[in-house]
Amino acid sequence: MIVASAALRPSGLQPILAPAAAAPSLHALFQRQPVETVEPGAAIAWEGDPADHVFAIESGVMRAFRVLPDGRRVIVAFLYPGDLVGVAAADLHACTVEAVNAVRLRRLGRNRFREAVEASPTLWSQYTTLLCAEMAAAQDHAVVLARKSAEERVCNLLLRLARRADEICGNACVIDLPISRLDMADHLGLTIETVSRTMTNLAGRGIVAANGRHTLAIRRLAMLANLAGEDAGADNRGSTSRAARQAARPH
């Protein structure tokens, strides 16, 4: 379930844009909206339902997935603080979006969001940047699923999370990993046994190490990048998600 942490005001009294002193940004559109808490496992959107709102994630992690006719779940993306949900949606949601852990977010009606974006050249530029970044990330993920081995897929996911880390010390960093092995498997097109075996192998080679219940230490970042089939110094895939977050956040 979704629990609003503040009473909703009449829509006519909720200014959309940030104060004039602040540079306009997509994320600023949500700042006057009440913060809502989403419990782990609860959905904010269901595949096939009308896409009436856009959501801004403030904390926590969400997964966007589709269910195939045979009942298999395919996780198409994980969503993190700073990400916007529902920006690219058509009239109906293409995926179900649910919380992995406790999530705090704000919501805004899609019509109001579109009106604000269309009225501002700055916001329109950020909006198109966000859509392009989402498309590039989807294309990258398609390549991972189509061309990479199981080990490369797991390493690619860990590398993407490492590039989101707030601090990288030389060849090491610590990443948040609230997603389960099953989530990883459903995102990477693998079985849970293959994911678990690959993670155990990486730990045995000293590339990663458990660092708590929901965190993982990357001890050999360059080796992880090499196993993912990427240059450790390159940040091509990381740049797409970074561009998307930058477009959504205040400047």
Taking segment 147-187 only, how many residues are over 15 Å from the mean Cα position of the chain (by Cα) and hydrophobic (A, V, I, L, M, F, W, C)? 10
So Thr194 ticks every box in (1) open to solvent by 20 Å² or more (accessible area, probe 1.4 Å); (2) out of contact with any helix residue (DSSP H, G or I) (no Cβ under 9 Å at 6 or more places or on another chain); (3) touching a residue at least 24 places away in the same chain (Cβ under 8 Å) but one. Which box is left unticked? (2)
Selection within segment 131-145 - touching a residue at least 12 places away in the same chain (Cβ under 8 Å) and either exposed (fewer than 13 other Cβ atoms within 10 Å of the Cβ) or among the β-branched types (Val, Ile, Thr) (or both): Val144
Examine segment 109-125 for a residue that is among the aliphatic types (A, V, I, L, M) and closer than 13 Å to Val54 by Cα, and state whether such a residue exists. yes
Within segment 173-190, how many residues are out of contact with any helix residue (DSSP H, G or I) (no Cβ under 6 Å at 6 or more places or on another chain) and not in a helix (DSSP H, G or I)? 6
Test for Glu47: is it open to solvent by 20 Å² or more (accessible area, probe 1.4 Å), touching a strand residue (DSSP E or B) at 6+ places or on another chain (Cβ under 8 Å) and assigned to a strand (DSSP E or B): no
Assuming Ser120 fulfils every condition listed in (1) open to solvent by less than 30 Å² (accessible area, probe 1.4 Å); (2) in contact with a strand residue (DSSP E or B) (Cβ under 6 Å, 6 or more places away or on another chain) apart from one, which condition is it? (2)
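Quick one: would you say Asp140 is of a type in the set (Asp, Glu), at pLDDT below 95, farther than 13 Å from Phe78 by Cβ and in a helix (DSSP H, G or I)?
Yes, satisfied.
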Can you name the number of the only condition in (1) of a type in the set (Val, Ile, Thr); (2) farther than 19 Å from His214 by Cα; (3) in contact with a strand residue (DSSP E or B) (Cβ under 6 Å, 6 or more places away or on another chain) that Val38 fails? (2)
Among the residues of segment 146-159, are any open to solvent by 70 Å² or more (accessible area, probe 1.4 Å), modelled with pLDDT under 90 and of a type in the set (A, V, I, L, M, F, W, C)? no
Evaluate segment 74-85: report whether one residue or more is open to solvent by less than 20 Å² (accessible area, probe 1.4 Å), farther than 18 Å from Leu157 by Cβ, among the hydrophobic types (A, V, I, L, M, F, W, C) and touching a residue at least 24 places away in the same chain (Cβ under 8 Å). yes
Among the residues that make up segment 227-247, is at least one of them open to solvent by 70 Å² or more (accessible area, probe 1.4 Å), over 23 Å from Arg63 (Cα atoms), at pLDDT below 90 and charged (D, E, K, R)? yes
Given the conditions (1) crowded, with 20+ Cβ neighbours inside 10 Å; (2) in contact with a strand residue (DSSP E or B) (Cβ under 9 Å, 6 or more places away or on another chain), report the number of the one that Tyr127 does not fulfil. (2)
Residue by residue through segment 46-80, note down the ones that are under 25 Å from Trp124 (Cα atoms) and more than 15 Å from the chain's Cα centre (by Cα). Pro50, Ala51, Asp52, His53
In segment 55-73, residue surrounded by the fewest Cβ atoms within 10 Å (Cβ to Cβ) [restricted to those that are touching a Gly at 6+ places or on another chain (Cβ under 9 Å) and not aromatic (Phe, Trp, Tyr)]: Glu58
Name every residue in segment 160-170 that is surrounded by 14 or more Cβ atoms within 10 Å (Cβ to Cβ) and assigned to a strand (DSSP E or B), in order of residue number. Ile168
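The values are calculated or read from the model by the stated rules, or taken from the named source; none is laboratory data. What you see is a predicted model, and the numbers here were worked out from it, not measured in a lab. Heads up, the Cβs are rebuilt from the backbone with ideal geometry, glycines too, and the neighbour counts pull from every protein chain shown. Note: accessible area is taken over every heavy atom of the protein model, side chains too, but ligands, DNA and RNA are not part of it. Shrake-Rupley method; radii C 1.70, N 1.55, O 1.52, S 1.80 Å.
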